Amino acid sequence: MSREFPAVRYAEAADGVFIAYEVRGEGPMDLVRVPGTMTSLVASFLDPVVGEHYDHLARFSRLIRLDKRGTGLSDPPVERGAPLLEQQVEDVLAVMDQVGSQRAALYA
């Protein structure tokens, strides 16, 4: 199966950090994939099993995936250390605002 590299775009968080994201699918609901610590947008390109899983999710939703700040294709954190939960929520909301999503299910 031939895989395409994700069409990566960037949303600017309130503090100027750019958060990498991709959108695939056109389903009736938005599904935001909140990443864990050891994942990135590139993983679906490198691992066909992961890629097929996201393809499946995109069949029934508009799948919105992002890289947390400091991981994958997103900018590093402004401050040292892992971002606080509140900052991570603000980053997800920045991506949702960028793509025009007003309501979404979260998949973490």
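Listing for the model above:
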item	result
GNM flexibility winner over the chain from MET96, MET29, MET38 (Cα, springs under 10 Å)	MET38
Cα gyration tensor shape of region 29-76, rounded if a/c is under 1.5, else prolate or oblate by comparing a/b with b/c	oblate
In sequence order, calculated HN-Hα J values of region 31-38 (Karplus, 6.51, -1.76, 1.60; Hz; x Gly/Pro)	10, 9, 8, 7, x, x, 7, 10
In region 70-99, GluC sites (Glu not before Pro) in a DSSP loop with at most 12 other beta-carbon atoms within 10 Å	GLU79
Local electrostatic count, SER74, Cβ distance below 15 Å [Lys/Arg +1, Asp/Glu -1]	-3
Paramagnetic reach from ARG9 (point 7 Å along Cα→Cβ, amide N under 11 Å) across region 23-39	23-24
Three-way shape label, the chain, alpha-carbon gyration tensor, a/c 1.5	oblate
The chain - percent of accessible surface contributed by carbon and sulfur, probe 1.4 Å	56 percent
Neighbour count of at most 10 Cβ within 10 Å plus DSSP loop: longest trypsin sites (Lys or Arg not before Pro)-free window in the chain	1-79
Accessible surface, the chain, averaged per residue in Å² (probe 1.4 Å)	61 Å²
Mean separation of Cα contacts under 8 Å (6+ apart) over length of region 10-75, as relative contact order %	48 percent
Angle in degrees between helix 85-99 and the longest Cα principal axis of the chain, rounded to the nearest 10	50 degrees
Using alpha-carbon coordinates, inclination of helix 48-60 to the longest axis of the chain, degrees	80 degrees
Distant-in-sequence amide H partners of ASP30 (H built 1.01 Å from N, under 5 Å)	ARG62, ALA105
Charge context of GLU26, other residues only, Cβ under 10 angstrom, K/R +1, D/E -1	+3
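The values are calculated or read from the model by the stated rules, or taken from the named source; none is laboratory data. Since the model is a prediction, treat every value here as computed from it, not as a measurement. Glycine gets a Cβ as well: all are built from the backbone with ideal geometry, and neighbour counts include every protein chain shown. Keep in mind that these areas ignore ligands, DNA and RNA; they rest on the heavy atoms of the full protein, side chains included. Shrake-Rupley method; radii C 1.70, N 1.55, O 1.52, S 1.80 Å.
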